[in-house]
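Encoded as structure tokens, the structure appears first; notes follow it.
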Amino acid sequence: MVDRPIMRSAATLTAIAAICAMLVASTHELTDDRIAANDKAWLEQSLRPVLAGLEFDSGLIDSRVTIPAPHALPGSDDALVYRVYNGAAPVAALFAVTARDGYSGAIRLLIGIRADGTLTGVHTLSHRETPGLGDGIDRAKSDWIEQFEGRSLADPATGGWRISRDGGEFDQLTGASVTSRAVVKAVRQTLEYFDSDDTDVFSLASDGGEQARQ
Amino acid sequence: MKTLTEHFRAGLWFENTGLVQLLGLCPLLAVTTTFVNGLGLGIATLSVLVASNALVSAVRHWILPEIRIPVYVLIIASLVTCTELVFKAWFPALDRSLGIFIPLIVTNCAIVARAEVFASRNSIGASIIDGFVMGLGFALLLITIGMFREFVAQGWLLAVLPPGAFFSLALAIAAKNAIDDRRGKQNTNVTIRETVKR
């Protein structure tokens, strides 16, 4: 060997890298099932607010479908839809969409629509709106988001799907018109998508199940 | 060799990672919006620090100086990944609220600093104690600031916004210095004085 220290360093580094990789691999092996179970529980937990009052017997994750961008839904990311069935009859569709026009960052919304086009509810999955003002869209902070329950495209009619400051029928959060406007707009857009004759979310093939674990 | 008391005195107060060395401030400022977040990141950092000190110390005789930094990086990165997986598996709620800051422990200079300054020169036992005490000092600071901000935010919203983090840390450092000043005047204890100078 011409350059022994280099060889020695290479060998030590290789050995340590291998040990570290084994450490990470075994931790992964140990935690994998729990993490998958946690993710699934978290998803079902987070879908629950818009499932109130629905009777269904289908698995939520197995009925998931990804609607690839570009689409007519809010946001420019792929949207996820969870279809809810009772027997073979469609009960509701839950849309996970992203509103990009909030005050700060993306607002992830979960919008539940019954097969007849009325809203089961709207729920904020994540947001970065200002604490004390825009964070009122979070159920834990205020009941603002509950005003959508039972509404549909016909109630209020098209012109009413705005915040009251813009002449619509929905209250805005004090000091957070931009946030309120973004949410109302996203809900309206989702209803329009659901209502449109070109799209029938219940007829799409599922891509959930195994992939949902990834 | 330092005694155990000296270790604790240094880690928790005179050489406190956050207050004196001003290391690891990014996570400190970012996650301390609540007591629970502070506690969570504190525990995560503490466990990484103990484990990385132990491993670095265990391999210190085989490592040539030229490759010591890559070795620290490997060890710390693996441990942080493991910690993240453990948090995801057993504390999913905490993992969600801390988000990116658990993987970002890898960038906390306090950890590589302890590996370089202490663990690479001392026995495994001493390194574990050092990691524990230094981590504890950092965790206690995270918890204190988290509690302070969460409490003050009830009346003053700014406390949980980013500027509040800077104010809180500044207040904590000012308070520590004020206490040291008063003690320095009243107390003639030589060991304390010496540690302050260092």
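Within the protein assembly as shown, how many lysine pairs that are 8 or more places apart, or on different chains, have C-alpha atoms less than 27 Å apart?
10
Report, in cubic angstrom per residue, the convex hull volume of the C-alpha atoms of region A:50-206.
105 Å³
For the protein assembly as shown, take every pair of Cα atoms, bin their distances at 20 Å starting from 0, and report each bin as a whole percent.
22, 42, 28, 8, 0
Among A:Ala21, A:Gly132, A:Phe95, whose Cα projects farthest towards the positive end of the dipole of region A:1-158, with charges put on the beta-carbon of Lys, Arg (+1) and Asp, Glu (-1)?
Of the listed residues, the answer is A:Ala21.
Would you tally the net charge around A:Ala182, using a Cβ to Cβ cut-off of less than 10 Å, leaving A:Ala182 out, and scoring K and R as +1, D and E as -1? Please report the intermediate quantities before stating the final value.
Working: positive: A:Arg100, A:Arg181, A:Lys185; negative: A:Asp101, A:Glu129.
Value of the local net charge: +1.
If you take the beta carbon distance between A:Trp42 and A:Ala88 as r and set R0 to 35 Å, what does 1/(1 + (r/R0)^6) give as a FRET efficiency, to the nearest 0.05?
0.80
At 7 Å along Cα-to-Cβ for each site, give me the label-to-label distance between A:Arg100 and B:Ala178 in nm.
4.9 nm
So if R0 is 25 Å, what FRET efficiency would B:Thr107 and A:Thr14 give, r being the distance between their Cβ atoms, rounded to the nearest 0.05? If you can, show how the numbers build up before the last one.
On the way: r = 25 Å, r/R0 = 0.99.
Efficiency at R0 = 25 Å is approximately 0.50.
Average partner chain C-beta neighbours within 10 Å, per residue of B:48-60?
Partner Cβ neighbours, averaged per residue: 1.
If you average the alpha carbon positions of region A:21-81 and of region B:20-54, how far apart do those two centres end up, in angstrom?
With region A:21-81 and region B:20-54 each reduced to a Cα centre, they are spaced 30 Å.
Do the sum for chain B: with -39,500 (n - 2.57) for every DSSP H run of n ≥ 4, divided by all residues, what is the mean residue ellipticity at 222 nm, to the nearest 500 deg cm²/dmol?
After summing the helix terms and dividing by residue count, I get -22500 deg cm²/dmol.
The numbers here are math on the coordinates, done by the rules we state, and not lab data. This structure is a prediction, so every number in the text was calculated from the model and none was measured. We place every Cβ from the backbone using ideal geometry, glycine too, and count neighbours over all the protein chains shown.
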